[in-house]
Amino acid sequence: MVPLSNEEVKGKVLDILKYIDEISRENNIKYSLGGGTLLGAIRHQGFIPWDNDADIMLLRRDYERLIILLKNKAEYKLIVNQFDGSTTNEFPMLFAKLVCKDIKTKSINADADINGGVGVDIFPIDKLPIAKEDIIEFKARSQSLMKKAYKSSIKFYWMSNSLKKKYVKMIIFFPVFLINRLSGSMSKKLAYVNDTFTSNNDNPDAKEVAWLGTFYDEQYNISLFSEYKYYQFENTQLMGIKKANNYLTNLYGDYMSLPPKEKQVAHNFVKFYKVLDKEK
């Protein structure tokens with residue numbers, strides 16, 4: 001296998017973004033660049049210089065339409081949890097990822113490699129309850145269910161870059177894993193988590209939405225996803241929410257200011273390699 005440079009990785013990711021945009025245009029699907037990818041579009045007109053990954057986000061109805069379309073395409077590999085109780089540990093996440101078929105990853109954390117390869121993370125945005133107190137309770141419950149799901153898998157329970165933390169888990173907190181595992185598999189728990197996430201989507205009166213599969217505060221008024229525009233991104237244009245300022249300020253504060261030099265580093269925990277023909 002041949003290691004990929006940072007610029008080669010960016011080129012692969014950009015190709016996938018263009019591919020998703022083409023399918024979305026053809027099928028009238030509204031998506032938005034998300035997180036640091038949208039920040040990069042606005043501040044750098046492309047990737048954040050020290051990053052090489054990409055995220056998009058869609059309201060659940062468009063997310064599900066896009067997933068169906070991507071499943072039927074041969075150009076890339078779609079990695080997505082089916083939430084049927086038979087999930088493997090390949091990618092037990094609550095979002096999807098579209099990746100290159102000829103790129104392999106090697107995790108810096110030897111315990112697990114759940115990245116899936118060079119690609120684009122695709123996040124669903126779900127509606128929240130109406131009352132403020134119900135939203136708080138719903139989000140807390142969702143996070144609790146996620147934690148219990150991942151603590152029921154020995155692979156994820158042990159995962160840590162710190163040997164000290166592993167010993168603490170092994171000796172002190174092992175009963176936490178045992179209790180969660182005995183109450184059901186991670187696969188079944190994640191299916192229940194996904195059902196919980198989507199339980200408010202049929203409510204036409206819901207005004208707040210969120211990406212629920214995170215422990216950060218990513219809650220927004222649904223009007224944020226009512227208008228879209230195209231932003232310059234490297235050598236192409238990609239779609240994003242029109243009110244990007246509201247979204248990015250919520251995530252990053254003063255997002256137009258560069259972080260200190262010591263923080264201008266990628267947060268990748270994997271290395272990427274191109275698979276040669278003779279290795280396939």
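The values are calculated or read from the model by the stated rules, or taken from the named source; none is laboratory data. What you are looking at is a predicted structure, and each value in this text was computed from that prediction instead of being measured. As a convention, Cβ positions derive from the backbone with ideal geometry for all residues, glycine included, and neighbour counts pool all protein chains shown.
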Quiz item: Among the residues of segment 91-98, is there at least one that is assigned to a strand (DSSP E or B), buried (at least 16 other Cβ atoms within 10 Å of the Cβ), touching a Cys at 6+ places or on another chain (Cβ under 9 Å) and modelled with pLDDT under 95?
Solution: no
Quiz prompt | Residue satisfying all of: in segment 200-234; in contact (Cβ under 8 Å) with a residue 24 or more places away in the chain and of a type in the set (G, A, S); surrounded by the fewest Cβ atoms within 10 Å (Cβ to Cβ) among these | solution = A206
Quiz item: Counting just the residues of segment 99-115 that are part of a loop (DSSP other than H, G, I, E, B) and either at pLDDT 65 or above or charged (D, E, K, R) (or both), which one comes out nearest to L212 (Cα to Cα)?
Solution: D113
Practice problem: Output the residue which, of all residues in segment 25-77 that are acidic (D, E) and modelled with pLDDT under 95, is farthest from T105 (Cα to Cα). | Solution: E75
Quiz prompt | Close pairs from segment 1-30: first loosely packed, with under 12 Cβ neighbours inside 10 Å, partner of a type in the set (F, W, Y) and not in a helix (DSSP H, G or I), Cβ under 8 Å, at least 6 apart | solution = V2/Y273; P3/F272; P3/Y273
Quiz item: Counting just the residues of segment 240-262 that are part of a helix (DSSP H, G or I) and more than 19 Å from K229 (Cβ to Cβ), which one comes out modelled with the highest pLDDT?
Solution: Y252
Exercise. Would you please list the contacts, defined by Cβ atoms under 7 Å and residues six or more apart or on different chains, that run from a residue in segment 31-44 that is surrounded by 20 or more Cβ atoms within 10 Å (Cβ to Cβ) to a residue that is of a type in the set (S, T, N, Q) and assigned to a helix (DSSP H, G or I)?
Key: Y31/S24
Exercise. Only residues that are assigned to a helix (DSSP H, G or I), under 30 Å from Y255 (Cβ atoms) and of a type in the set (V, I, T): list them for segment 25-83, please.
Key: T37, I42, I67
Practice problem: Restrict the check to segment 201-215 and report whether at least one residue is among the small types (G, A, S), farther than 21 Å from N28 by Cα, modelled with pLDDT of 95 or more and outside any loop (DSSP other than H, G, I, E, B). | Solution: yes
